[in-house]
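Report on the following structure.
The values are calculated or read from the model by the stated rules, or taken from the named source; none is laboratory data. Owing to the predicted nature of the structure, the values given are computational and were not obtained by experimental measurement. Reconstructed Cβ throughout: ideal geometry from the backbone, glycine too, with neighbour counts over all protein chains shown. Keep in mind that these areas ignore ligands, DNA and RNA; they rest on the heavy atoms of the full protein, side chains included. Shrake-Rupley method; radii C 1.70, N 1.55, O 1.52, S 1.80 Å.
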Amino acid sequence: MDWTQETAGGRVVGRPMGRVDESTWELFSQHLIAAVRDARSASVPLVVDLAGLDYMSSRGLRALTMAKREAGDTVAITLAAPNDRMREILAISRYDKLFEIADSAGPD
Amino acid sequence: MLVRFWGTRGSLPVAQKADAIQGKIARALLAASGREFADEAEAAAFASQTLPFSTYGAYGGATSCVEIEGADDAFFVCDMGSGFREFGIDAFRRIAGGHARTYHIFLSHLHWDHIMGMPFFGPAFDPGATVVIHSGHADAEQALRRQQEEISFPVPFDWLQAKFQFVTHEMGVPAEIAGVTVTLIRQHHSHDSYGYHFARGGKSVIYSTDSEHKLENMDSEAAFEAFFRGADLVICDTMYSLGDSVSLKQDWGHSSNIVAVDLCRAAGARRLALFHHEPTYSDEDIERMFEETKRYEELLREDRAPLEVICAYDGLEVAI
């Protein structure tokens, strides 16, 4: 799992690449929490661009919950551009009820 | 070994109401439109081969009770939920056929839905029976006696005729019981719960219910992966969706279908039985959860050996 991040267009955009599973969830979680804190410092929302992510197991999903708890009411988190597999995982886990899901990571 | 599910519902016994049965009948009639059947057996064969289980059958509503056949001269039963009553009736049938009158009962914990069948357990009145209650809880006897105090039930515990023994087990210390190696693991649940590992002849069955795998403590899941390692069957608490278990229902002491899949995948288990079904779920809801769980396993399988996912229902038998 690789992670890149940029702050542009009034948002922090985090881009995980690869897969988040038993062996990579901790690194993913560390990046996510750091991204939430960066977004809070900049007073902007956080977009997690899932376009480069193959899939995420329950560990990755739970890392998203930890990030949401870190964000509280101060940072809005959007999950963007999930592939078909991730979209199914988000639906099966009901995480599509817990997070805003956007078709694109673009500013619109 | 043979695993027989006498009760699979979580928290509270439930019963089908008329409208649920009527819906099943209506859907079956629609599916059979225009067909003729020579007799009931032919109709039953059509139904079993054509209709979804939620229409042709029912997941049942008795609370936790799972029998494991394969011990030497003894019954093995996990939990005494409301399904325990029917197990007791069937035990009399088998005793009439020569089965020994020794019962080893393994309690996951002492909450009501896991012990409520005890006052209705017929063999408890058999003076020739021996009932050994195994638990990780030192207060198991207190819990069973308390639910038969006069304020709750008219028959006090001391009136029972069987010989009762209570055994409190240490975590992680294998015990040899009637030819089966039994090991316990402590689980996260109010007043604790315990998972059981049953092993014999190179086969193993895990009973892990009422176990919350909290997201703040994911590191601890390595212990469960080790406990589940290579199991032939893992019976797992899958009461909620992951989304519910980390939001509205966090700290309610239960787990989700997809965490169960992930634990079993990491452990190299062969088969997962979804268990402790949410009492508000209809048969269609449980079936949907079952289909989603199988799909989740497919989505993450990649080049690993498949994990077979089954959905426990009252009356299901699984050969190990």
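Distance from the alpha carbon centroid of region B:167-185 to that of region B:122-162 works out to 21 angstrom. Largest to smallest in accessible area, the residues B:Glu176, B:Glu298 fall in the order B:Glu176, B:Glu298 (1.4 Å probe, all protein chains included). Remark: relative contact order (region A:2-102) = 28 percent; criterion is Cα-Cα distance under 8 angstrom and separation of 6 or more residues.
If I model chain B as equal point scatterers sitting on the Cα atoms and use the Debye formula, what is log10 I(q)/I(0) at q = 0.11, 0.12, 0.13 Å⁻¹? Treating every Cα as an identical point scatterer, log10 I(q)/I(0) equals -0.71, -0.84, -0.97.
Other residues whose C-beta falls under 11 angstrom from the C-beta of B:Asp237 contribute a net charge of -3, scoring Lys and Arg +1 and Asp and Glu -1.
Looking at chain B, the accessible area is 42 square angstrom per residue; that uses a 1.4 Å probe and ignores ligands, DNA and RNA. Take B:Tyr56: with every protein chain present and a 1.4 Å probe, its accessible area is about 110 Å².
Modelled spin labels at B:Ala18 and B:Ala175, positioned 7 Å past Cα toward Cβ, are 4.9 nm from each other. Size of region B:98-162 from its Cα atoms: along the principal axes, largest to smallest, the extents are 36, 27, 18 Å. Considering the zone a paramagnetic label at A:Asp38 would reach in this model (a point 7 Å from Cα along the Cα-to-Cβ line), which residues of region A:62-81 have amide N under 19 Å from it? In region A:62-81, the label zone of A:Asp38 (backbone N under 19 Å from the point 7 Å along Cα→Cβ) covers A:63-72, A:74-81.
Just to confirm the number: angle between the C-alpha axis of helix A:58-71 and the first principal axis of chain A, 0 to 90 degrees, nearest 10? The helix A:58-71 is inclined about 20 degrees to chain A. Classification of chain A by its C-alpha gyration tensor yields a rounded form. The axis ratio a/c (a ≥ b ≥ c) stays under 1.5.
How are the C-alpha pair distances of the protein assembly as shown spread across 20 Å bins, as whole percents from the shortest bin up? Bins of 20 Å from zero give 25, 49, 24, 3 percent of pairs. Inter-label distance, B:Asn217 to B:Gln250: 1.4 nm, where each label sits 7 Å from its Cα along the C-beta direction.
Summing Lys and Arg as +1 and Asp and Glu as -1 over all other residues whose Cβ lies under 11 Å from the Cβ of B:Glu278 gives a net charge of -1. Let me check I've understood the local charge: for A:Val12, count other residues with C-beta under 10 angstrom from its C-beta, Lys and Arg +1, Asp and Glu -1. What total comes out? Here the count lands on +1. The stretch between B:Phe92 and B:Ala226 holds 44.5 nm of extra length on full extension. This uses 0.36 nm per residue minus the Cα-Cα distance. Note on A:Ser104: accessible area is roughly 70 Å² with a 1.4 Å probe, heavy atoms of protein only.
Projected over all directions and averaged, the alpha-carbon convex hull of region B:1-121 occupies 9.7 nm².
Annotation note: trypsin sites (Lys or Arg not before Pro) in region B:1-87 located in DSSP loop regions with a Cβ neighbour count of at most 16 within 10 Å are B:Lys17, B:Arg35.
Our note on the geometry: Cα centres of region A:30-108 and region B:215-268, 22 Å apart. For region B:246-320, what ratio Rg/Rh do Cα atoms give with a Kirkwood hydrodynamic radius? Using Cα coordinates only, the ratio equals 0.97.
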